[in-house]
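Take a look at the structure set out below.
The values are calculated or read from the model by the stated rules, or taken from the named source; none is laboratory data. Since we're looking at a predicted model, the values are computed, not measured. Quick reminder, even Gly has a Cβ in these numbers, built from the backbone with ideal geometry, and neighbours come from all protein chains shown.
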Amino acid sequence: MKINFESLIIYEDDNFMVVNKPPFMASLEDRNDPVNLQKLAKQYDENLSACHRLDKETSGCILLAKNKEAYRHASLQFEHRSIKKVYHAFVHGVHEFKAELINLPIYALSKGTTKIDYAVGKPAKTTVSTLELYKFHSLVECIPETGRMHQIRIHLSQSKAPLINDQMYGGDPLFLSQIKRKFKLKKDTEELPLIKRFALHAHELVFDNFKENITVQAPYPKDMAVLRKQLMANKR
């Protein structure tokens with residue numbers, strides 16, 4: 001699959017660029033996958049460097065620096081937690097979160113997963129608010145204060161609101177037949193999930209570009225837009 005890097009750009013100035021990372025693409029160099037965002041960025045402009053990363057399945061905003069000074073400036077902002085990251089997540093269950101702070105320590109296991117562990121886990125905080133309610137699901141906004149591995153995923157799971165199709169943390173796949181009345185599957189066809197990844201999108205990024213605070217929002221990729229459309233169409 002050939003990707004036009006320029007089509008991913010959603011913000012650009014003299015020092016920074018923000019791109020809307022597609023799902024199923026690694027952010028940084030990945031031995032198991034020759035296509036990654038960092039490589040595409042370097043091919044477009046050899047001076048570009050990704051300032052952070054998203055899980056491979058997560059789509060949305062990634063900040064790139066155009067020079068060493070910009071990279072240092074961004075790194076300090078991430079270190080001091082002054083960059084605001086806003087995620088949108090489609091979750092199982094009907095939940096009315098109102099700026100609810102989830103404060104649960106996370107311990108990263110060697111097998112690429114995490115658990116909540118009060119003895120050895122690192123502090124992790126996420127603020128969650130509900131944006132939309134559907135018949136059996138919810139769209140929530142998550143603002144992480146810390147940047148632990150799988151933080152939003154495990155925090156939502158611990159709040160009985162696992163991400164749709166996040167099977168690592170208890171989120172089942174979602175099929176149209178589960179939410180649409182009178183659904184009929186075509187003969188001799190197998191029904192596929194509405195979304196083939198966990199439903200998490202880095203929707204917004206707020207950062208300082210040396211002159212002012214910049215707010216950038218990334219539109220949903222096609223799979224999440226379709227998921228939302230079906231959930232909206234089959235509300236209670």
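Side notes on the structure shown:
- Against the test of being closer than 29 Å to residue 165 by Cα and not aromatic (Phe, Trp, Tyr), the options 20, 67, 47 yield a single qualifying residue, 20.
- Every condition in (1) assigned to a loop (DSSP other than H, G, I, E, B); (2) at pLDDT 95 or above; (3) within 30 Å of residue 11 (Cα to Cα); (4) not charged (D, E, K, R) holds for residue 139 except the one numbered (1).
- Residue list for the stretch 152-194, restricted to those being part of a helix (DSSP H, G or I), under 21 Å from residue 121 (Cα atoms) and of a type in the set (Ser, Thr, Tyr): 157, 169
- Any hit, the stretch 128-143, residues being in contact with a Phe, Trp or Tyr (Cβ under 6 Å, 6 or more places away or on another chain), acidic (Asp, Glu) and surrounded by fewer than 17 Cβ atoms within 10 Å (Cβ to Cβ): no
- Residue that is farthest from residue 151 (Cα to Cα), among those in the stretch 111-130 that are within 19 Å of the chain's Cα centre (by Cα) and not in a strand (DSSP E or B): 112
- Hey, residue 124 without any contact (Cβ under 8 Å) to a residue 40 or more places away in the chain and aliphatic (A, V, I, L, M) or not: yes
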